[in-house]
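K.L.:
Structure incoming, see below.
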Amino acid sequence: MFNVISMFSGAGGLDMGFHNKGFKVLWANDFNQDACDTYDKWANYKDGKRKPEEDCTVIECGDISKFDFNKIFPEKVIDVVLGGFPCQGFSLAGPRQIDDSRNVLYRHFVEMVRIKKPKVLIAENVIGIKTLGDGAVFEKIVDDFAALGYTMSAPTVNAKNYGVPQDRMRVIFIGIRNDLCNGGAYIFPAGDPKVVTLREALKDLPPVNMDDVCQAPFSSRYMSRNRKRDYDDVSFTIPAMAKQVALSPDSDGMEYVGVDEFKFVGNNRRLSYREAAAIQTFPMNMEFCGDLDSKYKQIGNAVPVRLAEVIAGEVLKILTTEDLTPFLNFDSPKDEIKADRRITSKVINGKAFEYASLMAVYKELSNAGWDNEQIEIVQDKNYKNIEKAYQMVEENAEDVSEESESDEALPIITEKWETSYDRAARVAAVYLKMTEPIFHHPEGLYTVLSAMPDSAGVKGDVRDVCLTVYEDKEKKKIVRDLGISCKNNHEAVKHPRITEDPDFAKEWTHGKYHCSDEFLLTMEKIQRIIDEYQDRFNTWSEVEDKMDTVYYPIVEAFVKEIRRLGMACENASDEDREKASDFAKLFFEFMFGTRDFYKFIKDDRAKATTVYPYNMHGSLMKTYKGDKNKQAVPCVTMPEEIVEVRIKPRSKTTLEVFFDQWIVSMRLHNADSSIKKTSLKFDVQIKAQPKKVMSAILPWENK
């Protein structure tokens, strides 16, 4: 049995996971008496009777700075130190000053590790810890543990991917003593995209007792967004503040009425604390001490038990595996510090920016004099998808200090509480209002805002958000059709995958052209190599020769095939030249779309949004009722031929396509760490474009 010391233990969610996996928690501490009493009941009692003292966890309630760590089980070898050091100062929504006094509480955790020298250390925190002080605090924490002789991992995870019926994004610090890992960082598992739903989580609970439900008034902050998830979904993050707990899935729900404003429909109630506990995967019969607010707080502050069990299982593997090499990253251990195990995080973040952009455009239309009757938001499944993604990232921007109990302390409807998605979208929407004259003439017009389906890109429409203006209330005659492509911290044009059907020409030209038999045979050979690697290795990082056996041969084959399809030789016939030109145009349209659009690029590092107007067909910035945009971008020249295709010098993963006036790079990489045919894809970037495409860089703080 392995010995554990726990700090900042709360009601013991993390500790319960380790207890369930056979670890012995010797000592635990928390400042909150109710949390300590709750911990004592589940840890030290069985069937109403106290366990023998040798089987009990010593639980000491009080200020962690008042304890002498040298006197805590000095005779025992400590295998693991656990701690969810308080996150209020690290919170994305709380006070984010680097010198917040609560931020240094983790120093006591460091001191415990220094004295006890455990084989493994585990800590959990909010994702805001990675960006506090532009990353300075996070780097300091990692450096402190490294200085004690530990190699760190710090993956970002979503609890829903580990059997928890809840969207809950957190950072898990995993430190392994260097004599055990030899400098290799632990690779935390990616989890399972199959989720446990609210229906499964709540099905065994007895009927709700309204005494177990927070009855506080619903604040303007609460009413600023939808708070209901359905039974077939996972829950929102369970917060520590009772009055911010989401609605139960059997509520009738909320209806959108305007920017940052919803209203209730029918009968509604918050989740009871027992429902919240079930969603946090505590046992059904768990007894929580204290009043109702205290119970909600203990539950919301806890690590979900099922996630804790997953973490404990990985620690057990670390402590019992003779050769840890397959589970460690030796090549680039720092990658595991920045690792992201949320599975769909990039998709979520991208869709969140789409939602923020749609709503920012709505707000700017309102600011320009359009009333609610003139603006419709299509609330279909595409809209619901981006709304849900935004709610997920917004929740993590609302990790609230447990001491901030009043709405007065949380003025959510202010610029101060905007997420980076809101700020990035807002400046871009202001730019859009400035460049499109029709924004300033709402009289007699009607606008429909909609989110585009993912399938639109396959058909050649790369826009994510559409704004369609009609001149009649029945919305039959279109006056303007504007679109926005939203990019979150990248400028990639597209990410086409290398699929099991390698005929890329068929996909890119909608079946008009096909790849040669020679190309398909080459790809078939490469796929057999990938199959072989799949049998021998767990991840791409383990394949040392992948550049020479997989990546470079694919890039080389694509260069040869694009040349064959899109470049006519010097003595080619007119027919062959026309086919090459036609392929070049279709290839370009597959990457850039068939419709004009504005590209919004959110850049967190620069704290600015870059906007590119791709006015390739003349539909952007058009004069309306004599109102002319004097800086309007003229039509951009569309390419008519491919001039050259080559492998980028000194690269084995990137090819470059030179159109007339455009240069596009295509970098091959694995979209996920697992080895499979469909994990490889191209990252397509614009490297050069006509001078007519004039960008605007819009700093967030200046708007």
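K.L.:
Going by average Cβ neighbours within 10 Å, how do the peptides 624-636, 577-589, 30-42 rank, with the highest at the top?
P.N.:
The densest-packed peptide leads the list: 30-42, 577-589, 624-636.
K.L.:
Over all pairs of distinct alpha carbons, what does the Kirkwood formula give as the hydrodynamic radius of region 639-703, in Å?
P.N.:
When all Cα pairs of region 639-703 are included, the Kirkwood radius is 14.3 Å.
K.L.:
Enter the Cα centre distance for the pair region 240-308 and region 139-210, rounded to the nearest angstrom.
P.N.:
Using only Cα atoms to place each centre, the spacing works out to 21 Å.
K.L.:
Given points 7 Å out from each Cα along the Cα-Cβ axis, report the residue 231 to residue 71 separation in nanometres with one decimal.
P.N.:
5.5
K.L.:
Would you mind computing the Rg to Rh ratio of region 635-674 from its alpha-carbon coordinates, Kirkwood style for Rh?
P.N.:
1.13
K.L.:
Given region 135-249 reduced to its alpha-carbon atoms as identical point scatterers, what log10 I(q)/I(0) does the Debye formula return at q = 0.10, 0.16, 0.17, 0.19 Å⁻¹?
P.N.:
With one equal scatterer per Cα and no solvent, log10 I(q)/I(0) is -0.49, -0.89, -0.93, -1.02.
K.L.:
Keeping all protein chains in place and using 1.4 angstrom, which order do 25, 479 fall into by accessible surface area, from largest down?
P.N.:
On the way: 25 5, 479 35 Å².
Listed by decreasing accessible area, they come as 479, 25.
K.L.:
Mind putting a number on the dipole of region 191-250 about its Cα centre? Charges go on the C-beta only, +1 for Lys and Arg and -1 for Asp and Glu, and I need it in Debye to the nearest 20.
P.N.:
Dipole magnitude for region 191-250 comes out near 380 debye.
K.L.:
Now for a separate question. Report the net charge of residues surrounding residue 694, where surrounding means a beta-carbon distance below 14 angstrom and charges are Lys +1, Arg +1, Asp -1, Glu -1.
P.N.:
+4
K.L.:
Just to verify a number: FRET efficiency for residue 291 and residue 131, C-beta to C-beta distance, R0 = 41 Å, to 0.05?
P.N.:
E between residue 291 and residue 131, to the nearest 0.05, is 0.75.
K.L.:
Carbon and sulfur together cover what percent of the accessible area of region 158-238 at a 1.4 Å probe radius?
P.N.:
Roughly 52 percent, rounded to a whole number.
K.L.:
Now, a different point. For residue 683, enumerate residues with amide H under 5 Å from its amide H, sequence gap 5+ or separate chain, H modeled in the peptide plane.
P.N.:
Amide H to amide H, under 5 Å and 5 or more residues apart or across chains, residue 683 pairs with 667, 668, 669.
K.L.:
Per residue, how much accessible area does region 208-292 have with a 1.4 Å probe, in Å²? Mind dumping the intermediate values first?
P.N.:
Numbers: 3400 Å² over 85 residues.
On a per-residue basis, region 208-292 sits at 40 Å².
K.L.:
How much of the DSSP beta bridge set in the chain is antiparallel, as a percent to the nearest 5?
P.N.:
Antiparallel: roughly 70 percent of the beta bridges in the chain.
K.L.:
What is the Cα convex hull volume of region 487-599 when expressed per residue in Å³?
P.N.:
143
K.L.:
Right, something else. Taking the solvent-accessible surface of protein heavy atoms with a 1.4 Å probe, what is the per residue accessible area of region 530-586 in Å²?
P.N.:
58
K.L.:
Students often forget the sequence filter, so: which lysines lie under 21 Å Cα-Cα from residue 21 once same-chain residues fewer than 8 apart are removed?
P.N.:
List returned: 41, 46, 51, 76, 119, 160, 317.
K.L.:
Also, quick follow-up: Once all Cα-Cα distances of region 469-551 are split into 5 Å bins that start at 0, what whole-number percent is in each one?
P.N.:
In whole percents, the pair-distance histogram is 3, 10, 13, 12, 12, 13, 11, 8, 4, 4, 5, 4, 1.
K.L.:
Counting only protein heavy atoms and a 1.4 Å probe, tell me what percentage of region 477-549's accessible area is made up of carbon and sulfur.
P.N.:
46
K.L.:
Please give the calculated 222 nm ellipticity per residue for the chain, where each DSSP H segment of at least 4 residues contributes -39500 (n - 2.57) and the sum is spread over every residue; nearest 500 deg cm²/dmol?
P.N.:
After summing the helix terms and dividing by the residues of the chain, the value is -9000 deg cm²/dmol.
K.L.:
Ok, one more. May I ask for the net charge around residue 60, where only other residues with Cβ less than 13 Å from the Cβ of residue 60 are counted and Lys, Arg are +1 while Asp, Glu are -1?
P.N.:
-3
K.L.:
Now, a different point. Using a 10 Å cut-off on Cβ atoms, rank the peptides 43-53, 251-261 from the highest mean neighbour count down.
P.N.:
Packing proxy ranking, top to bottom: 251-261, 43-53.
K.L.:
Something else about it: Between the alpha-carbon centers of region 1-65 and region 314-390, tell me the distance in whole angstrom.
P.N.:
With region 1-65 and region 314-390 each reduced to a Cα centre, they are spaced 35 Å.
K.L.:
Could you tell me which residue out of 489, 198, 355 lies farthest along the dipole of the chain toward its positive end? Charges go on the beta carbon: Lys and Arg +1, Asp and Glu -1, centred on the Cα centre.
P.N.:
489
K.L.:
Using the Cα centre of region 1-48 as the reference point, and only Cβ charges (+1 on K/R, -1 on D/E), how large is the resulting charge dipole? Debye, rounded to the nearest 20.
P.N.:
For this selection, approximately 260 debye.
K.L.:
Greater than 20 Å separation of Cα atoms is the criterion. Which listed pairs, 203/388; 263/363; 506/648; 130/384; 652/687, meet it?
P.N.:
The answer is 203/388; 506/648; 130/384.
K.L.:
Can you list residues whose amide H is under 5 Å from residue 594's amide H, if they're 5+ apart or on another chain and H is modeled 1.01 Å from N?
P.N.:
461, 462
K.L.:
Tally Lys and Arg at +1 and Asp and Glu at -1 over the other residues with C-beta under 15 Å from the C-beta of residue 544: what net charge comes out?
P.N.:
Neighbour charge sum, excluding residue 544 itself: -2.
K.L.:
Quote the accessible area belonging to residue 218 in square angstrom, nearest 10, computed with a 1.4 Å probe and with ligands, DNA and RNA left uncounted.
P.N.:
The accessible area comes out at roughly 80 Å².
K.L.:
A follow-up question, please. Can you give the log10 of the normalised intensity I(q)/I(0) at q = 0.17, 0.18, 0.21, 0.22 Å⁻¹, computed with Debye over equal Cα scatterers of region 182-312?
P.N.:
Taking Cα atoms of region 182-312 as identical point scatterers yields -0.93, -1.03, -1.31, -1.40.
K.L.:
Give me Rg/Rg_expected for the chain, where Rg uses Cα atoms only and Rg_expected = 2.2 N^0.38 Å with N residues.
P.N.:
Compactness ratio reported: 1.06.
The values are calculated or read from the model by the stated rules, or taken from the named source; none is laboratory data. Quick caveat, the model's predicted, so the values are computed rather than measured. Cβ: placed from backbone, ideal geometry, glycine included. Neighbour counts: every protein chain shown. Ligands, DNA and RNA are excluded from the accessible area calculation, which covers all protein heavy atoms including side chains. Shrake-Rupley method; radii C 1.70, N 1.55, O 1.52, S 1.80 Å.
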